[in-house]
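Participant: Dropping the structure in here first, questions after.
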Amino acid sequence: MHRVEEEIARIIKEIGYKEVEDLFAKLSGGKRLRAKLILKIAPLHPKAPLLAAVVELIHAASLLHDDVIDEAMLRRGTPSVNATEGSKIAVMLGDILYSKAFSELVEFDKEIAKVVSNSVTALSKGEMMDVKMAQTFNSDETNYLDMLYLKTATLIEAAAAASAMLAQKDVASHALFGKNLGLSFQIIDDILDITSDETTLGKPAMNDYVEGKCTLPYIYLYHSLDAAAQERLLLSHAKKITSQEALWIKAQLIEHKSIERSFELALRLSNEAKEAVKEYPELVAILDAMIQRSY
Ligand code: FPP
Ligand code: MG
């Protein structure tokens, strides 16, 4: 991983703007899930660390923009850039990171550049759908999963496919692995938003629903409730709710097994991903660790 960090540091330095270096140094790198995947799929390829750096910079840029869009004050347990520097700086820092990452993409074959750049268009479409869907209560599971795929799974899918291309491994099975890993990861994230506390999450708990995001557990819950309870659930959508109402929602989510059902889908997707890469135990281990995270 230190070769990835070295590439990232070189790229940031090349931007040639002290302000950017300082701001970037304050960002938490996070789990570097996408970089780890790339290194595991193409461990011997000399360009794998650069590909990993490019993908991590794109991811960092998307989170900077996402926190502006979501008006989120915390990211990975520390104040977001928009909280400390304002939205204008956060947007521009995102633009710098992601355009610089794109410049680095020219070092790769056309097919690799295409798969990564197409995923950024998909990512942005997904984010826009997320914004639109949060404006009203969305109770459609398919719409939700389509948005989730675009918003979070496509960059992981692209990272897996692009590194398989580098390593001359089977692209389709690695892409499926990446896609299902991404979907499953996000569904677990949605569950943790409900079941974890603020200290563990690094952001307020049950924040998705306050932000208007009807994640899978809420969609399942809605369809299990009677009309009166559905109305009560809708009343809390996209607003700050009292802790009493939050407790009621949480109790309903448990009673109607909405969390369990969401977890079952995450598990099914993860098992499909495992099947796709069963001859690579180190990739299977990533999925096992991810499922473990939810306990
Ligand atoms: C987090 O979702 C958001 C994303 C993973 C993608 C955001 C994508 C864009 C803003 C498109 C622009 C892309 C670039 C490269 C500039 P979330 O809000 O559900 O998760 P969170 O709880 O981590 O904030
Ligand atoms: Mg967000």
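No value in this document is a laboratory result; all are computed from the given coordinates. Predicted, not measured: the structure shown is a model, and the values here were computed from it. When we count neighbours, we look across all protein chains shown, and the Cβ atoms used for this are built from the backbone with ideal geometry, even at glycine.
Participant: Using the Cα centre as the reference, give the magnitude of the dipole from point charges on the C-beta atoms of the chain (Lys, Arg: +1; Asp, Glu: -1; all else neutral), rounded to the nearest 20 debye.
Facilitator: Numbers: 34 positive and 43 negative charges, 84 e Å.
Using Cβ point charges on Lys, Arg, Asp and Glu, the chain gives about 400 debye.
Participant: On a straight-distance basis, which aspartates and glutamates could pair with K250 in a cross-link, Cα separation under 12 angstrom, same-chain partners fewer than 8 positions away excluded?
Facilitator: D193
Participant: State to the nearest 20 debye the size of the charge dipole of region 1-76 about its Cα centre, where the only charges are +1 on K and R beta carbons and -1 on D and E beta carbons.
Facilitator: Working: 13 positive and 12 negative charges, 101 e Å.
Roughly 480 debye, rounded to the nearest 20.
Participant: Suppose R0 equals 30 Å. What FRET efficiency, 1/(1 + (r/R0)^6) with r the Cβ-Cβ distance, do L235 and D140 give to the nearest 0.05?
Facilitator: Working: r = 20 Å, r/R0 = 0.66.
That pair, L235 with D140, gives E of 0.90.
Participant: Taking each pair of different alpha-carbon atoms in the chain once, compute 1/r for the pair, average those values, and report the inverse of that mean as the Kirkwood hydrodynamic radius in Å to one decimal. Don't skip to the end; give the middle numbers.
Facilitator: On the way: mean 1/r = 0.0503 Å⁻¹.
Hydrodynamic radius (Kirkwood, Cα only) of the chain equals 19.9 Å.
Participant: Additional query: Any chance you could check the Cα centroid distance between region 61-113 and region 232-295 for me, in angstrom?
Facilitator: If we compute the Cα centre of each part, the gap is 27 Å.
Participant: What does the charge dipole of region 36-188 about its Cα centre add up to, to the nearest 20 debye, if the Cβ of each Lys and Arg holds +1 and the Cβ of each Asp and Glu holds -1? Could you put the intermediate results ahead of the total?
Facilitator: Values: 14 positive and 18 negative charges, 81 e Å.
Value, rounded to 20: 400 debye.
Participant: In region 1-97, what GluC sites (Glu not before Pro) fall in a loop by DSSP, with at most 14 other Cβ atoms inside 10 Å? If you can, show how the numbers build up before the last one.
Facilitator: Details: sites: E5, E6, E7, E14, E19, E21, E56, E71, E85; in loops: E71.
For GluC sites (Glu not before Pro) across region 1-97 that sit outside H, G, I, E and B with at most 14 neighbouring Cβ atoms in 10 Å, the list reads E71.
Participant: Going toward the positive end of the dipole of region 1-45, with +1 on Lys and Arg Cβ and -1 on Asp and Glu Cβ, which of Y17, L33, V4 do you reach last?
Facilitator: It is L33, whose Cα lies furthest towards the positive end.
Participant: Separate question: Of A238, A159, P204, whose Cα points farthest to the positive end of the dipole of region 95-239 (charges on the beta-carbon: +1 Lys, Arg; -1 Asp, Glu; origin at the Cα centre)?
Facilitator: Farthest towards the positive pole: A159.
Participant: For a protection proxy built on the mean count of beta-carbon atoms within 10 angstrom, sort 154-167, 95-108 highest first, please. Mind showing how you got there, number by number?
Facilitator: Values: 154-167: 25.5, 95-108: 16.9.
Averaged packing, sorted descending, gives the order 154-167, 95-108.
Participant: Moving on. Sort T142, T84 so that the residue with the fewest other Cβ atoms within 10 Å of its own Cβ comes first and the one with the most comes last.
Facilitator: In increasing order of surrounding Cβ atoms, one gets T142, T84.
Participant: Right, here's the next one. Separation between the L265 and A172 pseudo-spin-labels, each 7 Å from Cα along Cα→Cβ, expressed in nm?
Facilitator: Computed distance between label sites L265 and A172 equals 2.6 nm.
Participant: OK, next. Using the 2.2 N^0.38 Å rule of thumb for compact globular proteins, work out how region 194-293 stacks up: its C-alpha Rg over that value, please. If you can, show how the numbers build up before the last one.
Facilitator: Details: Rg = 16.2 Å, N = 100, 2.2 N^0.38 = 12.7 Å.
Dividing the Cα Rg of region 194-293 by 2.2 N^0.38 Å gives 1.28.
Participant: Provide the gained length on full extension for the span K125 to K88, in nm with one decimal, where the gain is 0.36 nm per separating residue minus the Cα-Cα distance. Show your work: numbers first, answer last.
Facilitator: Details: separation 37, 0.36 × 37 = 13.32 nm, distance 2.14 nm.
Extra length available between K125 and K88 comes to 11.2 nm.
Participant: Still on this structure: What FRET efficiency do you get for S224 and S196 if R0 is 22 Å and r is their Cβ-Cβ distance, rounded to the nearest 0.05?
Facilitator: Working: r = 23 Å, r/R0 = 1.02.
The computed FRET efficiency comes out at 0.45.
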